[in-house]
2 protein chains.
Amino acid sequence: MDNTRNPRIVLAARPDGRPKTSDFRLEYTPIPEPVDGQVLLENLYLSLDPYMRWRMSAAKSYAEPVGIGEVMVGGTVARIKYSRHADWHEGDCVLAYAGWQRFALSDGQDLRRLDPNIAPLTTALGVLGMPGFTAYAGLLNIGKPKPGDTVVVAAASGAVGSVVGQIARLHGARAVGIAGGVDKCAFVKDDLGFDAVIDHRAPDFAEQLAKACPHGIDVYFENVAGPVWDAVRPLLNNFARVPVCGLIAHYNDGALQEAACDRLPATMHDILAKSLTVRGFIQTEFVDQQQDTFLQEAAQWIAEGKLKWREDIVDGLAQAPEAFIGLLEGRNFGKLIVRLSPH
Amino acid sequence: MDNTRNPRIVLAARPDGRPKTSDFRLEYTPIPEPVDGQVLLENLYLSLDPYMRWRMSAAKSYAEPVGIGEVMVGGTVARIKYSRHADWHEGDCVLAYAGWQRFALSDGQDLRRLDPNIAPLTTALGVLGMPGFTAYAGLLNIGKPKPGDTVVVAAASGAVGSVVGQIARLHGARAVGIAGGVDKCAFVKDDLGFDAVIDHRAPDFAEQLAKACPHGIDVYFENVAGPVWDAVRPLLNNFARVPVCGLIAHYNDGALQEAACDRLPATMHDILAKSLTVRGFIQTEFVDQQQDTFLQEAAQWIAEGKLKWREDIVDGLAQAPEAFIGLLEGRNFGKLIVRLSPH
């Protein structure tokens, strides 16, 4: 470990479709020096999340794209290595947005203090972090599950989906998860306690989903799109709610899809015929109003054993690109995190 | 006029795509006789509305399909010809749902008394009826226009679109209409007072729409779908609302659209990236809560000259099939109504 240099991963090229490891570049820069009012952060853990694929593209989405040669963005758990800021002290553990690198400066504005006594630090990137709050805010504000409702979520073993199903159950709804492979399905059913789980790789996936939802679907938390949507759509009940949180099946698509058929008219038909609500959201919309309540409620659920999670931890910054590519293909199992240093 | 027979139009065959006149059949039955608790209605005006195309198909939508050989459904303005019901008297004018025929029975449950002093009777089928309330409920509950917002609606000279734009303006929003042809556009701009209007037949329609919406679109009231949606979508602002009221461009489609490209991923992308709300609705959802308020507000607006309308009246029940086919192609100009008898 070189203590004088800052290893970082920058965007080397904009991917055309599926990202390749050559779209990223590991490089070393001098460790930056804080001025008055700044702190030097040492990132301990880096969160890898699907939204990062959007930032690699030039198209404007809800946030600016990462520039070529710029450090990839990302949430991190960091320790304050050196402080020239009155409110922050060396050794403090914080949630930061310090990117794919070992060291970074901050003026403190974007930091949240972490208490390792409440839960392991890494939970600030998952169940108690942006993914957990995404699940909470989208499910409760848009999905609005009522007792007895059927709530369906894909990527159910993942950072967001796992929380969606568990909170749905805490609100009295029935949670049906969709996951890929025997191990993930077993985890969703046995460890997370979903009422049912379907393997989307099964050849009769759509039939199994229909059987698992005998009273239809009241809330579909959309984070994958593609064939899962096609299986879910006919099962949606009148007045069903569809929070649209992610579309991972399409993140590597080009702008327009060549296809044998246009699936938009059928979706619009059902939106009209069933009075569906389809609502996209980014969790930032709800942060000011609801994040504090979420953190309190979620900490309580964790303390009571009612909210569980699983992490998939990869060692070393150099592994981040390959791990991120795997995330887009569902190769991770649980919240994907890169450990940047032993500690 | 034969006073002993009831002329009626039944569904002769389920259309495959565009309806043909041979999908309908004019026939004559005896005039039905009311029993105690019933009235005999004489329909004066029949409303023709796009939703009727759905009822002609076997597919279940939000209502049961019309059976082969059954009378086509539809709202009517009727006069009570003969009453055996204590609450209704001969000569009363009512709004009914008595279908494509001259005479019908009713137990009074589905009737609404009409006062010809408030507005012409035919308005009960248009601006003061289901189309007007559809515009009101969808725009205010889902579209939620704020002062300064840009509200776009297609079929802007029609029964629903004309009311959407006018109510948007009454709520302080900017109304941009889309219509087909010079005459309709002139009516929308000059008579209805929309802020701008675009002819969807113009080769540079999408460019004109963008110019007419320099601050983007906050509410798109969807009643046509197809190419209009493709032009609207890129202009939608973050957090825009899309009440989905109709999809007339697709009503004659089959189940799945053969196409060179799948338009669903691009729409879902925008729903997510812009936090859009896309919400289907049928006006019946809001009737119990809001119809009385609507009728009061709309009558007031009409009295003050703030809410205008145009009717396209066709004479004779036998003309209904051809007029309805024209409605699906935008050949009508204003609320399409069939006059069933001179009076």
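The values are calculated or read from the model by the stated rules, or taken from the named source; none is laboratory data. All values reported here derive from a predicted model rather than from experimental measurement. Don't worry about glycine lacking a Cβ; one is built from the backbone with ideal geometry, like all the others, and counts go over all protein chains shown.
At-a-glance table
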quantity: Some residue of the stretch A:162-185 being touching a helix residue (DSSP H, G or I) at 6+ places or on another chain (Cβ under 6 Å) and of a type in the set (Ser, Thr, Tyr); calculated: no
quantity: Which listed residue is surrounded by fewer than 22 Cβ atoms within 10 Å (Cβ to Cβ) and farther than 30 Å from A:SER275 by Cα, from A:LEU192, A:LEU125, A:LEU121, A:LEU170; calculated: A:LEU121
quantity: Matching residues in the stretch A:204-223 - criterion: being touching a helix residue (DSSP H, G or I) at 6+ places or on another chain (Cβ under 7 Å), in contact (Cβ under 8 Å) with a residue 60 or more places away in the chain and more than 14 Å from chain B (Cβ to nearest Cβ); calculated: A:CYS213, A:ILE217, A:VAL219
quantity: Scan of the stretch B:304-343 for residues that are assigned to a helix (DSSP H, G or I) and in contact (Cβ under 8 Å) with a residue 40 or more places away in the chain, ordered by number; calculated: B:LEU317, B:ALA318, B:ALA320, B:PRO321, B:GLU322, B:ALA323, B:PHE324, B:ILE325, B:LEU327, B:LEU328
quantity: From the options B:ARG201, B:ARG233, residue that is basic (Lys, Arg), more than 14 Å from chain A (Cβ to nearest Cβ) and surrounded by fewer than 22 Cβ atoms within 10 Å (Cβ to Cβ); calculated: B:ARG201
quantity: Any hit, the stretch A:64-77, residues being surrounded by fewer than 22 Cβ atoms within 10 Å (Cβ to Cβ), touching a Cys at 6+ places or on another chain (Cβ under 6 Å) and in contact (Cβ under 8 Å) with a residue 12 or more places away in the chain; calculated: no
quantity: Selection within the stretch B:200-233 - more than 21 Å from B:ASP262 (Cβ to Cβ) and either outside the structural domain of B:ARG169 (by the TED database) or of a type in the set (Val, Ile, Thr) (or both); calculated: B:ILE217, B:VAL219
quantity: Any hit, the stretch A:81-92, residues being crowded, with 22+ Cβ neighbours inside 10 Å, outside the structural domain of A:ALA206 (by the TED database) and farther than 30 Å from A:VAL176 by Cα; calculated: no
quantity: Failed criterion for A:ARG25 (all others in (1) without any contact (Cβ under 8 Å) to a residue 24 or more places away in the chain; (2) over 16 Å from A:LEU317 (Cβ atoms); (3) over 18 Å from the mean Cα position of the chain (by Cα) hold); calculated: (2)
quantity: Residues of the stretch B:164-173 classified as part of a helix (DSSP H, G or I) and without any contact (Cβ under 8 Å) to a residue 60 or more places away in the chain, total; calculated: 4
quantity: Matching option when the condition is within 14 Å of chain B (Cβ to nearest Cβ), assigned to a loop (DSSP other than H, G, I, E, B) and hydrophobic (A, V, I, L, M, F, W, C), among A:ILE282, A:ILE271; calculated: A:ILE282
quantity: Count of residues meeting criterion [closer than 20 Å to A:ALA298 by Cα and of a type in the set (A, V, I, L, M, F, W, C)] in the stretch A:168-186; calculated: 4
quantity: Qualifying residues in the stretch B:236-246 (those that are buried (at least 20 other Cβ atoms within 10 Å of the Cβ) and farther than 14 Å from B:ALA212 by Cα) - the one nearest to the other protein chains (Cβ to nearest Cβ); calculated: B:VAL244
